[in-house]
Amino acid sequence: METRILAVDDEETLVSMLKAVFQTDGYTVVTAASAAEAIGLLSTDTFQAVITDMKMESDTAGYEVVRAARARPHPPAIIILTGYPLLAQDWKATGADAVVTKPCNMAQLLGTVAELLHKRRRRATRLS
């Protein structure tokens, strides 16, 4: 089964880099350039992980993506990727699984996603 990731960031170069790095590691990656676009994709498609920037249309647009992802019947792993760590200080309360500060080490980000996906698979196996 393919693992689908939604990468959300208004910086075109960063979202392109995320796509390239995760595709190279075997993931299928869909990108969105705004929280609004990501929310639309989340309402019509299924993802196992979401990586979202925090500051896009507003300072806390990433939280809108987190809430939309968390509302899915089978919520994906959710990582906030931000250059403004103070804006993401409520990440746990909002429902995100992790926060990573920009600039980030791509190997670390890949590891965080892999770890979260592994935890979700283990939890799903125990529940079935």
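Here are some notes:
- The chain has equivalent-ellipsoid semi-axes of 20, 16, 15 Å, by the square roots of 5 times the alpha carbon gyration tensor eigenvalues, sorted largest first.
- Relative contact order of region 14-123, taken over Cα pairs closer than 8 Å and 6 or more residues apart, is 21 percent.
- Residues of region 25-51 with amide N under 13 Å of the 7 Å Cα→Cβ point at Glu2: 26-31, 46-48
- Helix-derived mean residue ellipticity, 222 nm - over the chain, DSSP H n ≥ 4, -39500 (n - 2.57), to 500: -14000 deg cm²/dmol
- Candidates per GluC sites (Glu not before Pro) in region 19-128, loop by DSSP, up to 15 other Cβ within 10 Å: Glu57
Coordinate-derived values only; no laboratory data. All values reported here derive from a predicted model rather than from experimental measurement. Neighbour counts run over all protein chains shown; Cβ positions are idealised from the backbone, glycine included.
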